[in-house]
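Each remark here refers to the structure printed beneath this line.
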Amino acid sequence: GKTIAVLRVAVTVTAPCCRGCLIVTFRSNLPHCVSVLSACTQQSSRSTGSRLSLRAAESEKPFGNSISRYNGETERTERGGMPHRHAEEKFHLSEERSYVSTQYSLRPRREEIKAMDSKEENIVTTTRSASLKTSQAPATQTKDLEFGGVPGVLLIMLGLPACLCLLLLMCKQKEPSLLNFPPPLPAWQDLWETRVFGVYILWFLMQALFYLLPVGKVVEGMPLADGRRLKYRLNGFCALLLTSAVIGAAVFWGADLYYVYGHFLQFALAAAAFSLGLSVYLAVRAAGAPPCALAPSSSGNAIYDFFIGRELNPRIGTFDLKYFCELRPGLIGWVVVNLAMLLAEMRLQNRAAPSLAMTLVNSFQLLYVVDALWNEEALLTTMDITHDGFGFMLAFGDLVWVPFIYSFQAFYLVGHPNEVSWPMASLIIALKLCGYVIFRRANSQKNAFRKNPADPKLAHLKTIHTSTGKDLLVSGWWGFVRHPNYLGDLLMALAWSLPCGFGHALPYFYVAYFTVLLVHREARDERHCRRRYGLAWEQYCRRVPYRILPRVY
Ligand code: NDP
């Protein structure tokens, strides 16, 4: 929609409310407009003025916004420590007519939908896209540094490669007990091999070539700060099929995948070196990026931004570096590594067929990768794409951590066989399927809702309206806990480790690490959502009190 008028009104604030949060409510008497405007700012309690960004929606409906109902809060907030100014307000009067929603109504949306004629539904969509532009707007740099700020990210950047080496070296030991003294660092030639690095580069280029193939649907991403939507080609699943064909042909013509197992540490370090080089490139090119290209998570601090990524969507022409790295070289690489481990197990343990444990690990993780590539479009609404920049965190995570740590169970089983009985296998499969159903259905429900909130298939779900124009689901999977998809993911992670048995704690490293990752990620997401949706988010939290695990967390 178009903004048809912008008014600036000065307001003097004399009494900020608790936590410095101010809510202002207005009734407009402009022609055709009976809506309520509301806003919230977060200021220090010493504040005497505030800058409010308000948005008004026109309404002709008798049940439209009324002064007695709070309409969520605006997405822009100021932090304490900013210089105080005389308050300034912006009223953006949208030209769309009749965007109406019962605020905080938890009744099934079917009733609401019935009440609207088709014209109004169109208007909801139009209004929503207009609101989205404003809600996505904060490409401004936040001063809240996550991950423990600069010392935290420095520690992570040094700790992750060290942890990778340690885990892989420990896993190669005959007795990989956590209580053992850490194995010594191998000689340089056992850590680095130029040929391995060359193979890695070839792998990366092959995936880049598949990514560029003009096959697959082109879709638009979420609106950016300037209202633009980037285009993305969805051909990840096709890339997986092509890779399978290439690997199959290579094995047929004599390529030995045991090479991957034999040089696993070198491959991991080659990928780490590559991701470091990529991060340096990203930091250098981001130095000249315009402010509108910066990620909401970037801070202006060089070290922090090197880690979190300064540019939101670094592209070379239409080649989106972050989007490509998220799902291709690392994720598909993980499947190839698992296959290599399966063949290595057969060779080293003189088996005619892979063990049941290895088969379970391989098939579970293959399902996870296939699912991610099949539902590739869902990536576009994730935090990685919409909020975090592309820097060391995602480059190392996508290119190193995923293929070399997520394949840890298969790597472990090559040297430490474990016989799984069929009853045990059935329980593990049941756990995996249970996790998968929760994970997939929760993600699909949210994605379908974000794509089309008026989808008749979702009409039975209850929602909370927010002032950004986006609604929050409060029933269905998202009414069960606030991150049902994380719960499903964690159950699956446990199912991946159980086939390794209980002889050692090492194969459970992934579950432990992933729990920490998702608990931290959930907290980050909560913070973003609270900032974005304000009181509407508080309302959601009251309604759905548990974050990941019902009655526990
Ligand atoms: P989510 O897919 O959970 O997305 C969070 C966003 O969803 C929020 O920012 C908000 O965005 C929206 N949202 C939250 N609550 C609601 C609600 N009630 N109704 C509607 N929308 C809501 O987060 P991630 O990007 O972290 O994860 C995506 C998937 O990837 C998950 O399944 C996760 O488990 C998986 N994952 C896997 C990892 C791995 O290494 N294997 C690592 C990280 C994630 P908005 O309102 O702006 O739409």
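The table that follows gives values for the structure above.
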item	result
Percent accessible area from carbon and sulfur atoms, the range 420-553, protein chains only, probe 1.4 Å	65 percent
Nitroxide proxy distance, nm - points 7 Å out along Cα→Cβ at Y258 and R441	4.6 nm
Using θ = phi - 60° and Karplus 6.51 cos²θ - 1.76 cosθ + 1.60, couplings along the range 409-422 (whole Hz; Gly, Pro as x)	5, 5, 4, 5, 5, 4, x, 9, x, 9, 8, 10, 6, 5
Cβ charges +1 (Lys, Arg) and -1 (Asp, Glu), total dipole of the range 298-370, debye	180 debye
Accessible surface, the range 254-378, averaged per residue in Å² (probe 1.4 Å)	34 Å²
Cα centroid of the range 511-553 to Cα centroid of the range 354-394, whole Å	21 Å
Taking the convex hull of Cα positions in the range 166-210, its mean projected area over all directions (nm²)	4.5 nm²
The range 308-439: Cα Rg divided by the 2.2 N^0.38 Å rule of thumb	1.22
Probe 1.4 Å - accessible area at R531, Å² to nearest ten	60 Å²
Against the rule of thumb 2.2 N^0.38 Å, how large the Cα Rg of the range 457-553 comes out	1.29
Inter-part distance where the range 443-494 and the range 301-320 are each reduced to a Cα centre, Å	29 Å
Rounded FRET efficiency, nearest 0.05, which uses the C-beta distance separating A448 from V218 and R0 of 25 Å	0.80
FRET efficiency for S426 and R195, using Cβ-Cβ distance with R0 set to 41 Å, rounded to 0.05	0.40
Equivalent-ellipsoid semi-axes of the range 353-417, from the Cα gyration tensor, Å, largest first	28, 16, 6
Area of C171 that stays accessible when all protein chains are in place (1.4 Å probe, Å², to 10)	10 Å²
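The values are calculated or read from the model by the stated rules, or taken from the named source; none is laboratory data. Every value quoted in this text rests on a predicted model; they were computed, and no experiment measured them. Using ideal geometry, Cβ is built from the backbone for each residue, glycine included, and neighbour counts are taken over all protein chains shown. To get the accessible areas, we keep the full protein, side chains included, count just its heavy atoms, and leave off ligands, DNA and RNA. Shrake-Rupley method; radii C 1.70, N 1.55, O 1.52, S 1.80 Å.
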